[in-house]
1. Just from the alpha-carbon atoms, what are the Rg and Dmax of the range 1-76 in angstroms?
2. Roughly how far apart, in whole Å, are the Cα centres of the range 28-76 and the range 90-116?
3. Output wanted: per-residue J couplings in Hz (rounded whole) for the range 17-32, from phi through Karplus 6.51 cos²θ - 1.76 cosθ + 1.60, θ = phi - 60°, x for Gly and Pro.
4. What are the lysines whose alpha-carbon lies under 19 Å from the alpha-carbon of LYS67, with same-chain residues fewer than 8 places away excluded?
5. So what is the 222 nm mean residue ellipticity for the chain from helices alone, if each DSSP H run of at least 4 adds -39500 (n - 2.57) and you divide by all residues, rounding to the nearest 500 deg cm²/dmol?
6. So if we plug the beta-carbon distance of GLU28 and SER87 into 1/(1 + (r/R0)^6) with R0 = 25 Å, what FRET efficiency do we get, rounded to 0.05?
7. Hey, if you put +1 on the Cβ of every Lys and Arg and -1 on every Asp and Glu Cβ in the chain, which of SER87, LEU33, LEU117 ends up farthest toward the positive end of that dipole?
8. Explain nothing, just the number: dipole magnitude of the chain about its Cα centre with +1 on each Lys and Arg Cβ and -1 on each Asp and Glu Cβ, in debye rounded to the nearest 20.
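Where a number appears in this text, it was derived from the coordinates with a stated rule and is not lab data. Here the structure is a predicted model, which is why all the values come from computation and not from measurement. FYI the Cβ positions are ideal-geometry reconstructions off the backbone, even for glycines, and counts take in every protein chain you see.
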Amino acid sequence: MIRQNFFVECADWKVTVFYEATDDDSDEIYKELTRVGISRRNINRAMRNLNSGNMNNGFTFTNPKTKESVIVIGTTTTANEFANTYSHEKGHLVRHISQTLGIDPYGEDEQYIHGELSSKMFKVGKRFLCDCCRNNTKYASTFFRVFRI
């Protein structure tokens, strides 16, 4: 698993993303969801999802009071499946931010949030967005497990 922490400056928002997460990572993800203040009900939903063993899925949870979110992207079977889950979960985060800040979903401000998220998540996500890179990531992810991004 790769963990990425970043700040969305245009929204004053903290984000933690877990890439290639499996049930082996559930303790760390559980601790992060608890730290952020996600409800027990939603943490239980997240843990059931993560521990199901299903591939090509993820989840996003947000604490609007603290303006913090956690995205988990599970193991995916192909680059195409990663792109789908990556985009899907990023969309949830944009909506959470927009709802919390009262941003018009049809305006430019929401698109600026999309852009900043894309730029920051691409730094890690690019490793999974093509099948050739994915094959090399299995070796490279050992490095990122030690040196968190």
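1. Rg, Dmax (Cα atoms, Å): 11.8, 36.
2. When both Cα centres are located, 20 Å separates them.
3. So the J values, rounded to whole Hz, are 10, 10, 9, 6, 7, 10, 4, 5, 9, 4, 4, 5, 5, 4, 4, 5.
4. LYS14, LYS31, LYS90, LYS120
5. Working: 5 runs with 80 residues, N = 149.
It comes out at -18000 deg cm²/dmol, rounded to the nearest 500.
6. Values: r = 24 Å, r/R0 = 0.96.
The value I calculate is 0.55.
7. Final value for the positive-end residue is LEU33.
8. 420 debye
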